[in-house]
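A short worksheet on the structure shown next.
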Amino acid sequence: MNNETTTIVAPAAKAGAASAVAAFVLGTLIGWLFFPDAMKPAVPDPECVARVLR
């Protein structure tokens with residue numbers, strides 16, 4: 001890429017990446033706030049694990 005293109009594209013890419021990170025963080029916080037049960041880590045059912053391991 002030439003220098004002119006980099007000068008134009010780099011700030012837009014940086015802004016897009018920052019926006020994506022902010023959206024992920026905000027979405028996670030809203031999820032924890034409104035859907036706390038859905039945001040808990042999954043705990044496998046011991047009977048299901050035993051069936052798979054048999």
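Readers should treat all values here as calculations from the given coordinates under stated rules, not as data from a laboratory. Note that the structure is a prediction, hence the values are computed from the model and not measured. Heads up, the Cβs are rebuilt from the backbone with ideal geometry, glycines too, and the neighbour counts pull from every protein chain shown.
All of Ala38, Ala42 fail the test of being in contact with a Gly (Cβ under 9 Å, 6 or more places away or on another chain), loosely packed, with under 10 Cβ neighbours inside 10 Å and assigned to a loop (DSSP other than H, G, I, E, B), apart from Ala38.
Restricting attention to region 12-35, the residues that are over 16 Å from the mean Cα position of the chain (by Cα), of a type in the set (Gly, Ala, Ser) and surrounded by 10 or more Cβ atoms within 10 Å (Cβ to Cβ) add up to 2. Filter region 1-35 for residues that are outside any helix (DSSP H, G or I) and polar (S, T, N, Q) and give the result. Listed by number, the list holds a single entry, Asn2.
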